[in-house]
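Peer 1: Following this message is one structure expressed as structure tokens.
Bear in mind that the values in this text are calculations on the coordinates, not laboratory data. Fair warning: this is a prediction, and the values are worked out from it, not measured in the lab. Glycine gets a Cβ as well: all are built from the backbone with ideal geometry, and neighbour counts include every protein chain shown.
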Amino acid sequence: MSDVTDTDKVYSYLDMEAALCIYEWLIEDVLPLDSKHPNAKAWQTYYDSVGSAVLRYNTAAEYAPWVLKVYDAALEIDPYGWENYVYDWEIVPEIMSKVEFIPEPMVNSDYDAVARSVLTTIVLRRNDASTET
């Protein structure tokens, strides 16, 4: 993880937007004790061990740049893959669901592989939704 004392980094608007979306997702959907998210317990344990300041910092320094790289890779693979999806409520959470815990949150640097996995999940979800109607 990044050093919390690294204050020289300059963040772009997209970095901050991604970081805020990630943090909102964590606070509202993953960290509540009654969360149904598959990695909720791992995120809760991590949060309990590092606290909110480190979680916020890592959201901006580690996860937001990763989300943006996966997002861009997915656009290269399928420019319409995100069509009709909301960035902060659906896309960012779907990408963040690919974070692995070994034992702390780890991101996969193979952005194309993560992007393909996310796009596959989205296609399957769309197909399931279209068969329900």
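Peer 1: Sort Tyr47, Tyr23 so that the residue with the fewest other Cβ atoms within 10 Å of its own Cβ comes first and the one with the most comes last.
Peer 2: Working: Tyr47 16, Tyr23 19.
With the fewest neighbours first, Tyr47, Tyr23 line up as Tyr47, Tyr23.
Peer 1: Which entry in (i) 77, 25, 21; (ii) 42, 41, 23; (iii) 48, 34, 24 matches Cα extents along the principal axes in Å derived from the coordinates of this structure?
Peer 2: Given (i) 77, 25, 21; (ii) 42, 41, 23; (iii) 48, 34, 24, the structure-derived one carries the label (iii).
Peer 1: Angle, helix 13-25 long axis vs. longest principal axis of the chain, Cα atoms, 0 to 90°, nearest 10?
Peer 2: 90 degrees
Peer 1: Helix 40-58 versus the longest principal axis of the chain: what angle, 0 to 90°, nearest 10, using Cα atoms?
Peer 2: The angle comes out near 60 degrees.
Peer 1: Given charges of +1 on the Cβ of Lys and Arg and -1 on the Cβ of Asp and Glu, with all other atoms neutral, how large is the dipole of the chain about its Cα centre, in debye to the nearest 20? Walk me through the numbers on the way to the answer.
Peer 2: On the way: 9 positive and 24 negative charges, 49 e Å.
Value, rounded to 20: 240 debye.
Peer 1: Could you work out the relative contact order of the chain, using alpha carbon pairs under 8 angstrom and six or more residues apart, expressed as a whole percent? Please report the intermediate quantities before stating the final value.
Peer 2: Working: 106 pairs, mean separation 36.5, N = 133.
It rounds to 27 percent for the chain.
Peer 1: Using the Cα centre of the chain as origin and beta-carbon charges of +1 (Lys, Arg) and -1 (Asp, Glu), tell me which of Trp89, Cys21, Ser117 is placed farthest towards the positive end of the dipole.
Peer 2: Of Trp89, Cys21, Ser117, it is Ser117.
Peer 1: Give me the angle, in degrees from 0 to 90, between the Cα long axis of helix 64-77 and the longest principal axis of the Cα atoms of the chain, rounded to the nearest 10.
Peer 2: Tilt of helix 64-77: around 20 degrees.
Peer 1: Counting other beta carbons within 10 Å of each residue's own, what order do Leu26, Leu33, Leu20 fall into, fewest first? Mind dumping the intermediate values first?
Peer 2: Working: Leu26 25, Leu33 7, Leu20 16.
By the 10 Å Cβ count, ascending, the order reads Leu33, Leu20, Leu26.
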